[in-house]
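A short write-up of the structure that comes next.
The values are calculated or read from the model by the stated rules, or taken from the named source; none is laboratory data. All of these numbers come straight from a predicted model, not from anything done at the bench. Note: ideal-geometry Cβ built from the backbone for every residue, glycine included; neighbour counts use all protein chains shown.
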Amino acid sequence: MTNKLLADSHLHNKETQFTSVIGMIILISSLTMLFVALIASYGVLRVRSVNWHSHSMSYYSLSIACFNTMLILFSSYSYSTIVKHVKALNLTKTLYWINSTIGIGILFLFLQSTLWYLLTNSGYSISSHQAGSVFYMLSGLHGLHIIIGIISLFWLRGKILTSDNHVNRAQLVGIFWHFLTFIWIVIFFSVIIY
């Protein structure tokens, strides 16, 4: 009787993992379509604009954006370290890297708000020109998703402290976190640098 219960439990876990992965694929696909539509709209606006290059960021603002890009790339590395330690069942190192990734995410948001403050004070605002509108819309939407990612990291941290079998959860949150890194790289190179 216990073998049947174990087999049923294993089958239920596999079904739950499959459903979770399908749900994450649907979420990432939806977010990809949203960001692709916004970046395509940006491309149309930029091609039609006569004076797009007259509205550029200062060297200092661009330096903050570059540092933020390196920071989010490092957060992807730190997250991959989380998954490695979750698989190895090393709770201490898992919690260390989760806390580090949360800290990096919060620092990213702080630097992003600092960048917004500096740009707004220098006249590069959401209402001053199309370049500003696009930048604030895309970076603001990305920042909102970073907040959701940080909340997901806190949720994962709680699950790791209170339950077993969290490899699947760590991988799913990781997919979302790495997706946010990828989207920021696209925003950085297409909207900020180009």
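The residue that is nearest to V36 (Cα to Cα), counting only those in the stretch 91-123 that are of a type in the set (G, A, S) and in contact with a helix residue (DSSP H, G or I) (Cβ under 7 Å, 6 or more places away or on another chain), is G105. Within this structure, T92 fails the test of being farther than 30 Å from Q130 by Cα, polar (S, T, N, Q) and either surrounded by 12 or more Cβ atoms within 10 Å (Cβ to Cβ) or modelled with pLDDT under 90 (or both).
Would it be correct to say that V44 is over 19 Å from the mean Cα position of the chain (by Cα), aliphatic (A, V, I, L, M), surrounded by fewer than 13 Cβ atoms within 10 Å (Cβ to Cβ) and part of a loop (DSSP other than H, G, I, E, B)? Judged against the criteria, V44 is not a match.
Could you list all residues from the stretch 165-194 that are outside any helix (DSSP H, G or I), out of contact with any Leu (no Cβ under 9 Å at 6 or more places or on another chain) and more than 18 Å from M137 (Cβ to Cβ)? Passing the criteria: only N165. Checked against (1) over 15 Å from the mean Cα position of the chain (by Cα); (2) surrounded by 15 or more Cβ atoms within 10 Å (Cβ to Cβ); (3) under 29 Å from L89 (Cβ atoms); (4) not small (G, A, S), L119 passes all but condition (3). Being modelled with pLDDT of 90 or more, assigned to a helix (DSSP H, G or I), farther than 26 Å from M137 by Cα and within 28 Å of the chain's Cα centre (by Cα) holds for only one residue in I26, I22, I39, and it is I22. Every listed requirement among (1) touching a residue at least 60 places away in the same chain (Cβ under 8 Å); (2) in contact with a Gly (Cβ under 8 Å, 6 or more places away or on another chain); (3) under 28 Å from M33 (Cβ atoms) is met by I126 save one, (1).
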